[in-house]
Amino acid sequence: MDEATFWQIIEETKAASNGNIDKQYRLLIDRIAQLSVDDIVEFKAIYWDLMNIADTRTIGAAFRLIAIYGSDDSFADFCGWLISRGKAVFYQALENPEILADLPEQELKDPELDLFGAIYHGYKDKTREEEFPPAKRESIKRKEFEGDWESEEAAKVYPRLGLVYKKKIEEED
């Protein structure tokens with residue numbers, strides 16, 4: 001398992017799901033269960049690398065504006081969703097989260113995917129085990145937390161995402 005294969009699996013399940021995030025989750029479980037145990041463990045390690053890369057103030061702003069409300073778990077699911085959008089979207093969003101405003105509105109409605117849950121269930125389906133074996137390498141280290149955003153502050157810095165936020169707030173009222 002390498003990062004290119006990781007992204008190939010993400011892209012294949014995204015395409016096969018036709019934009020349905022729940023279907024992509026189920027497809028990921030099935031696809032991961034087809035991998036060797038070593039590949040599943042490395043898939044999980046790549047996931048953690050990407051999660052650590054995404055844990056930035058910039059992605060935190062996107063989370064605050066697209067997901068509106070949320071906890072640490074919701075942020076993890078948002079990052080899982082961001083990874084599930086594919087390699088190009090993931091890396092472009094790290095540079096400029098405003099590109100997320102270009103995604104289809106349907107994709108922005110429920111921006112959460114428990115990617116770790118899909119990995120866990122794929123592993124469990126494969127092995128019937130609850131615990132993963134240890135990784136053969138260390139994950140990329142997280143950066144020091146850069147601080148959280150208030151929605152209004154984030155909307156000023158990222159105005160296109162601010163419009164997504166405003167629309168979601170209006171829909172709730």
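The values are calculated or read from the model by the stated rules, or taken from the named source; none is laboratory data. This structure is a prediction, so every number in the text was calculated from the model and none was measured. Here Cβ is always computed from backbone atoms with ideal geometry, including for glycine, and neighbour counts include all displayed protein chains.
Observations
- If you go through the range 105-116 and pick out every residue that is closer than 15 Å to Phe75 by Cβ and part of a helix (DSSP H, G or I), you end up with 2.
- Unmet criterion (only one of (1) modelled with pLDDT under 90; (2) surrounded by fewer than 19 Cβ atoms within 10 Å (Cβ to Cβ); (3) out of contact with any Ser or Thr (no Cβ under 9 Å at 6 or more places or on another chain)) for Tyr91: (1)
- Selection from the range 55-66 of residues that are buried (at least 20 other Cβ atoms within 10 Å of the Cβ) and either in a loop (DSSP other than H, G, I, E, B) or out of contact with any Gly (no Cβ under 9 Å at 6 or more places or on another chain) (or both): Ile59, Ala61, Ala62, Ile66
- Residue that is nearest to Asp38 (Cα to Cα) [pool: residues in the range 94-107 that are in contact with a helix residue (DSSP H, G or I) (Cβ under 6 Å, 6 or more places away or on another chain) and surrounded by fewer than 21 Cβ atoms within 10 Å (Cβ to Cβ)]: Ile99
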